[in-house]
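Okay, so here's the structure we're looking at.
The values are calculated or read from the model by the stated rules, or taken from the named source; none is laboratory data. Since we're looking at a predicted model, the values are computed, not measured. We place every Cβ from the backbone using ideal geometry, glycine too, and count neighbours over all the protein chains shown. To get the accessible areas, we keep the full protein, side chains included, count just its heavy atoms, and leave off ligands, DNA and RNA. Shrake-Rupley method; radii C 1.70, N 1.55, O 1.52, S 1.80 Å.
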Amino acid sequence: MSTTKLWDKGFEPDKMIEEYTVGNDRNLDLQLARYDVQGSLAHIAMLEKIGLLTAEELRTLTAGLQEIAAEIEAGRFEIEPDTEDVHSQVELMLTRRLGDAGKKIHSGRSRNDQVLVDLKLFLRDELRQVAAEVKALFDRLQELSERYREVLMPGYTHLQIAMPSSFGLWFGAYAETLVDDMRLLAAAWHIANQNPLGSAAGYGSSFPLDRTMTTRLLGFETLHYNVVAAQMSRGKSERAAAAAIAAVAATVGRLAMDACLFMSQNFGFISLPDELTTGSSIMPHKKNPDVFEIMRGRCNRLQSVPNEIALLTANLPVGYHRDLQLMKDILFPALTEIRRTLRMCDFMLAHVRVNEHILDDRRYDYLFTVEDVNRLVLQGVPFREAYRQVGMAVQRGEYRPTREVHHTHEGSIGNLCTAEIRRKMETVMQEFETPGMQEEL
Ligand code: ARG
């Protein structure tokens, strides 16, 4: 007979059912272990305050949990094959080591709120780390934008030659786009940063739990006050996080697409050192942009994650449902993937080489037609007349560009506003600052 089930009532559930329902959870739950212990440390401190644990019991349990925390940090923690999840494992270890004191820890709790608390703390940390990787990529892009601010490149509309652009604008554009993605990350972070502890199975507890105390101990910004809302946030928090990740992925995926295009011989705008390209098994000359192709593919996949979560949670009525467990299978790999992708993108950009002479090629002459129209306008020719004059010259094959570019307004080739964009980013980054977890947790 199994003795490791919290809900053990003296019969052995079918092994097949167990495997099917637990699925990949033991493995994924390892990522939640340290947060599970933090949640329990806050909970027992609160239980002692409201008189459900003695000071002595609190001391014993705290030491027991801290010992488990050290095992987790040392990589020595595991969820035993007969144990369902991390919550059961931690309680089992405490009970084995401390006897009756261990059995008291679950008063006023449920695994439903344990997993909720774990996920909030986990998401809070993960999103902050994603934000840090996004910031690193932003810094890189801004640095490249400034370094190549004078280097012109063709700007396209409809993928047809349009107007002069620059590497300053191109790199800087992706930097500024990441500011908007960062706003979504910050929003997802605020959503995750609310205390669900005390919601128990989803309907609270008849014990006089001090939820304000655990909010402070765990460094949450606020509570999820309504216990039902707290339970319903399972899935919503993940979906917000996934939406933010998808936004970042859309930006990085687009940059990867540009890189593939611009590395093609037909463009030749950028190149990479040989060791960052990949070869072909048949064509000896090949230096392929596989990294950017894989990046594009991974980013496209990441954009399906909010949909997967939406479908998993579609039509679930109020309250806990075991379906919610499967969210971890969707979201956890996505968090790892976006961070890996951001790091790789930064690494590739650190080595990218820029062609500083693209516009020497006559095929790009037409980029300058608007410049020349504007030059005539400044000499007093009405715009429509200037447009016609230049247009006719193009038509007759007589157009010769002056190749002079004078853009001065905010956000243009000649005035990138790098510092202003940086200030926007720094303002958003400040959102990630909160009181923080109490030291002892
Ligand atoms: N592994 C479960 C999950 O992720 C933990 C909560 C289980 N609760 C329950 N009532 N069976 O949702």
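For beta carbons closer than 7 Å, sequence separation of 6+ or different chains, a first residue in segment 72-98 that is in a loop (DSSP other than H, G, I, E, B) and a second that is within 15 Å of the ligand (Cβ to nearest atom) and among the hydroxyl-bearing types (Ser, Thr, Tyr), the qualifying pairs are 80/4; 82/4; 83/4.
Considering only residues in segment 394-437 that are surrounded by 11 or more Cβ atoms within 10 Å (Cβ to Cβ) and polar (S, T, N, Q), the one that is nearest to residue 365 (Cα to Cα) turns out to be 412. Among the residues of segment 212-269, those that are within 30 Å of residue 156 (Cβ to Cβ), open to solvent by 20 Å² or more (accessible area, probe 1.4 Å) and among the polar types (S, T, N, Q) comprise 264, 265, 266.
Tell me which residues, restricted to segment 165-213, are assigned to a strand (DSSP E or B), more than 26 Å from the chain's Cα centre (by Cα) and farther than 30 Å from residue 148 by Cα. Please lay out each step first, then the result.
First, the residues of segment 165-213 that are assigned to a strand (DSSP E or B): 165-166, 194-195.
If we keep only those that are more than 26 Å from the chain's Cα centre (by Cα) as well, we get 165-166.
If the condition is that a residue be assigned to a strand (DSSP E or B), more than 26 Å from the chain's Cα centre (by Cα) and farther than 30 Å from residue 148 by Cα, then no residue fits.
Scan segment 74-92 for residues that are more than 29 Å from the chain's Cα centre (by Cα) and open to solvent by 20 Å² or more (accessible area, probe 1.4 Å) and the total you get is 5. With respect to (1) away from the ligand (no atom under 16 Å from the Cβ); (2) surrounded by 17 or more Cβ atoms within 10 Å (Cβ to Cβ); (3) at pLDDT below 95; (4) not β-branched (Val, Ile, Thr), the lone exception for residue 133 is condition (3). The residues of segment 99-131 that are of a type in the set (Val, Ile, Thr) and in a helix (DSSP H, G or I), listed by number, are 115, 117, 130. Cβ-Cβ distances below 9 Å connect the following pairs, each with a first residue in segment 395-421 that is in a helix (DSSP H, G or I), a second residue that is among the basic types (Lys, Arg), and a separation of six or more residues or different chains: 418/149. Residues that are open to solvent by less than 20 Å² (accessible area, probe 1.4 Å), away from the ligand (no atom under 16 Å from the Cβ) and out of contact with any Ser or Thr (no Cβ under 7 Å at 6 or more places or on another chain) within segment 39-60 comprise just one, 53.
More than 14 Å from the ligand (Cβ to nearest atom), touching a residue at least 12 places away in the same chain (Cβ under 8 Å), open to solvent by 20 Å² or more (accessible area, probe 1.4 Å) and not aromatic (Phe, Trp, Tyr) - does that describe any residue in segment 319-335?
No.
Across segment 99-120, the number of residues qualifying as within 16 Å of the ligand (Cβ to nearest atom) and without any contact (Cβ under 8 Å) to a residue 60 or more places away in the chain comes to 0.
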